[in-house]
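The values are calculated or read from the model by the stated rules, or taken from the named source; none is laboratory data. The shown structure was predicted, so the numbers you read here are calculated from the model rather than taken from an experiment. Ideal geometry is used to build each Cβ from the backbone, glycine not excepted, and the neighbour counts take in all protein chains shown.
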């Protein structure tokens, strides 16, 4: 009994700086490849000659594979545990398959056919494999939060640290992309493939280094092992389906991911086609966004979290996105420099929404550890499917929308890109704020981080 009491007390104590750091870097490979996926996949595929509708199919195939894998991975993790095995296997699959997405159509080379149909099938196949590995890594990493500690504030700090390293991953990608785009100019399809091949290989190398740090520094969560050893029953899906908070958190999380993923996918198109900015702006503008997000994510780790503060911070981020989305929708190309100011607002908004949105899942799970992977998996399933459908629909209309560069007498045009980057995220942010304000989040025990990261 005394041993159990000391275990419970240690689990409710706030985490130290090293534990937070080791956990935070565990998603770097996923994050850096995801940044490349959402920022450059559609641009890459259309640049090598695929029709926008075919590019949308490739994107959708990956999202569907990701969505269904999250559900199965979540169920198996809840049954058997072994977070680090799932994380390691998923990371290995990501590293192997990602280079085949951006490294040229391997099935086309094997068969000897470069038809658009063959390219679509080939890229879709490797996109699906990549997303299967990505999903396994994501679900195992996210669900570890609730099994590392029972302290609610520490759980939010872990989510905040992970979001901070997400920004580091994105900045690393855009730094690599900036160098590649300036050194290796694209004059042909082969040049384009070489550009993105270098970006992909470098991203994989950086991400794998951090995966190694995560596995060396992070132990398999003791809380999960103890739950299995004591024979705690796995929580049924219906337990979550009977909770109103589950649906509210699910809706907010999905809307938040729609805001970040849809805007990220159309950002490169927007700065080049709508604002006529230089090619390097495809890396500079996103870099500004993620620098701001990184700074805000670090600052959020110093906050003592309550349910009301989560709602307040999410609402603040949502309102910032609504204002930014309206500005993006009507920004003329003659005022393209203003995009850097908007990037600062978007970066702050993304950090506020992502940290608080992900943390709401921890508040939902609470101490129900034997069902946490299902929560993260099911919510991720909804996120992947809806994001894939949204991007597929928007991208399929790209070909029917005249580009601004073909209208020399007009500095403003309401293109699909503007709707994708401005209107869709703004509407999602608005709905997310309204749902957040209606939530009744449980109040945690207020305990600060043992070693503040800014100390």
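When only residues in the stretch 406-442 that are in contact with a helix residue (DSSP H, G or I) (Cβ under 8 Å, 6 or more places away or on another chain), loosely packed, with under 12 Cβ neighbours inside 10 Å and at pLDDT below 80 count, which is nearest to residue 395 (Cα to Cα)? Filtering the stretch 406-442 for residues that are in contact with a helix residue (DSSP H, G or I) (Cβ under 8 Å, 6 or more places away or on another chain), loosely packed, with under 12 Cβ neighbours inside 10 Å and at pLDDT below 80, the one nearest to residue 395 (Cα to Cα) comes out as 410. When residue 55 is tested against (1) under 24 Å from residue 392 (Cβ atoms); (2) surrounded by fewer than 24 Cβ atoms within 10 Å (Cβ to Cβ); (3) over 18 Å from the mean Cα position of the chain (by Cα), exactly one condition is not met: (2). Comparison of 49, 3 shows that the only residue that is modelled with pLDDT under 85, surrounded by fewer than 23 Cβ atoms within 10 Å (Cβ to Cβ) and in a helix (DSSP H, G or I) is 3. Reported count of residues in the stretch 337-360, each being touching a helix residue (DSSP H, G or I) at 6+ places or on another chain (Cβ under 8 Å) and under 24 Å from residue 272 (Cα atoms), is 12. Restricting the stretch 109-120 to residues that are farther than 16 Å from residue 44 by Cα and within 30 Å of the chain's Cα centre (by Cα), the residue that is surrounded by the fewest Cβ atoms within 10 Å (Cβ to Cβ) is 117.
Against the list (1) modelled with pLDDT under 85; (2) over 30 Å from residue 280 (Cα atoms); (3) part of a helix (DSSP H, G or I), the condition residue 38 fails is (2).
Among the conditions (1) under 17 Å from the mean Cα position of the chain (by Cα); (2) surrounded by 21 or more Cβ atoms within 10 Å (Cβ to Cβ); (3) over 30 Å from residue 284 (Cα atoms), residue 78 misses just one, which is (1).
Of all residue pairs spaced 6 or more apart or on separate chains, those with beta-carbon atoms under 6 Å, a first member in the stretch 67-94 that is on the phi > 0 side of the Ramachandran plot and touching a residue at least 40 places away in the same chain (Cβ under 8 Å) and a second member that is part of a helix (DSSP H, G or I) and buried (at least 22 other Cβ atoms within 10 Å of the Cβ) are 81/224.
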